[in-house]
Amino acid sequence: MVTAVDVVIGTLIAWVLVRDAFPGKRILEVVIDLPFALPTIVAGLVLLSLYGPRSPLGVNWANTRMAVALAFLFVTLPFVVRTVQPVLLELEPEAEEAAASLGAGPLTVFRRIVLPSLVPAIASGAAMSFARGLSEFGSLVLLSGNLPMHTEVAAVRILGYVEGDNLHSAAAVASVLLLVALVAIVLLDVFSGKVTRHVD
């Protein structure tokens, strides 16, 4: 779910950063890069202060699925943005202008000219964000509350197994995460290749 949101919002943000000029653009660039530089436990503290019991926004989403989703979005969204953005920068506007001059509408131009170039980058960004989300620990350990069958995440479960000296269970969960990440990356790679051939 979070990966799907990353794909849509991340692609839109990359498009806006490349194609539009607006006040505060440089600040947005810095905010996008913040999760790369910030230790995830610090990100967890920041998110807890914003969405926890003492929230200045008047909400308390700590120990809820909303908090888990927000933490995942914070650490994974930049992967899509920074993967799609360079591809958009390299696209030559002449092809889009030529298609528009021949009567193609904006949707057709996007689907036939822009999308074939973006799909591999979007799939790559989605795979990286999904894999990053699978391994996320720091920003979730404070926010999730680790409630079984509700907000429990695999990385925190692994820590619990390790602390309980149950290394076999920890290894089993870690192996499942590795397998899921590998399958997701392969499927997204196959999907991007098929979509690219289809739109061509």
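The values are calculated or read from the model by the stated rules, or taken from the named source; none is laboratory data. Note that the coordinates shown come from a computational prediction; the quantities given were computed from them, not determined experimentally. Here Cβ is always computed from backbone atoms with ideal geometry, including for glycine, and neighbour counts include all displayed protein chains.
General observations
- Annotation: Asp200 fulfils all but one of (1) at pLDDT 80 or above; (2) surrounded by fewer than 11 Cβ atoms within 10 Å (Cβ to Cβ); the unmet one is (1).
- Note on region 46-87: residues that are out of contact with any Leu (no Cβ under 8 Å at 6 or more places or on another chain) and assigned to a loop (DSSP other than H, G, I, E, B) total 7.
- Residues that are among the hydroxyl-bearing types (Ser, Thr, Tyr) and touching a residue at least 40 places away in the same chain (Cβ under 8 Å), drawn from region 1-58: Thr3, Thr11, Thr40, Tyr51
- Elements of type helices (runs of 4 or more DSSP H) contained in region 88-200, each with 3 or more residues being closer than 30 Å to Leu48 by Cα and among the small types (Gly, Ala, Ser): 115-134, 154-163, 167-199
- Of the set (1) touching a Pro at 6+ places or on another chain (Cβ under 9 Å); (2) not in a helix (DSSP H, G or I), all apply to Ile32 but (2).
- Of all residues in region 41-73, those satisfying the criterion of being within 24 Å of Leu188 (Cβ to Cβ) and crowded, with 21+ Cβ neighbours inside 10 Å are Val68, Ala71, Phe72.
- Pairs with Cβ under 9 Å, 6+ apart, first in region 175-186 and within 15 Å of Glu136 (Cβ to Cβ), second surrounded by 11 or more Cβ atoms within 10 Å (Cβ to Cβ) and among the β-branched types (Val, Ile, Thr): Leu177/Ile158; Ala184/Thr3
- Residues in region 118-150 that are of a type in the set (Ser, Thr, Tyr), surrounded by fewer than 18 Cβ atoms within 10 Å (Cβ to Cβ) and more than 15 Å from the chain's Cα centre (by Cα): none.
- Any hit, region 86-101, residues being closer than 30 Å to Leu179 by Cα and out of contact with any His (no Cβ under 7 Å at 6 or more places or on another chain): yes
- Scanning region 3-28 for residues that are among the acidic types (Asp, Glu) and closer than 22 Å to Ala69 by Cα yields one hit, Asp6.
- Conditions (1) in a helix (DSSP H, G or I); (2) surrounded by 12 or more Cβ atoms within 10 Å (Cβ to Cβ); number of the one not met by Ile27: (2)
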